[in-house]
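Q: A single structure is presented below for examination.
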Amino acid sequence: MQNMELTIKVDRQGRAVLPREVRIALGIDGETEMVCRVVGNRLVLEKFNVDSARKAFAELEEIVPSLELDTVKVEGEEKYVDREYALRKIGV
């Protein structure tokens with residue numbers, strides 16, 4: 001993949017158009033889902049990738065048992081969220 005630097009404008013509604021060169025380089029079409037993240041004073045846009053999300057969750061599941069977490073007892077309907085439900089909510 002090539003490095004490129006382009007200047008784009010943001011309109012009054014906060015919209016920006018990705019230049020054609022960027023869309024071609026990343027394989028972005030009209031229905032591509034993107035992840036938007038703010039890192040410091042930077043905006044990072046990445047193509048959403050189910051495999052990357054699954055890998056990240058798998059890595060977290062390996063780390064979590066080693067963390068000392070405080071637990072709080074919660075009463076009511078939403079006392080827990082299972083793994084399958086959480087994955088469905090994020091589209092995995």
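Q: Hey, among 46, 59, which residue is in contact with a strand residue (DSSP E or B) (Cβ under 7 Å, 6 or more places away or on another chain) and within 21 Å of residue 87 (Cα to Cα)? Can you show your working first?
A: Values: 59 fails: in contact with a strand residue (DSSP E or B) (Cβ under 7 Å, 6 or more places away or on another chain).
Testing whether each residue is in contact with a strand residue (DSSP E or B) (Cβ under 7 Å, 6 or more places away or on another chain) and within 21 Å of residue 87 (Cα to Cα) leaves just 46.
Q: Taking the stretch 19-38 only, how many residues are assigned to a loop (DSSP other than H, G, I, E, B) and farther than 24 Å from residue 91 by Cα?
A: Residues of the stretch 19-38 that are assigned to a loop (DSSP other than H, G, I, E, B), as a first pass: 19, 27-33.
Checking which are farther than 24 Å from residue 91 by Cα leaves us with 19.
Counting residues in the stretch 19-38 that are assigned to a loop (DSSP other than H, G, I, E, B) and farther than 24 Å from residue 91 by Cα gives 1.
Q: Here's a follow-up. Can you pull out the residues in the stretch 39-66 that are outside any helix (DSSP H, G or I) and either of a type in the set (S, T, N, Q) or under 16 Å from residue 26 (Cβ atoms) (or both)? Give the steps one after another, and end with the answer.
A: Within the stretch 39-66, the subset outside any helix (DSSP H, G or I) is 39-49.
Of everything in the stretch 39-66, those that are outside any helix (DSSP H, G or I) and either of a type in the set (S, T, N, Q) or under 16 Å from residue 26 (Cβ atoms) (or both) turn out to be 41, 43, 44, 45, 46, 47, 48, 49.
Only the coordinates and a few stated rules stand behind these numbers; no lab work does. Note that the structure is predicted; figures quoted are calculated from it, not measured. Cβ: placed from backbone, ideal geometry, glycine included. Neighbour counts: every protein chain shown.
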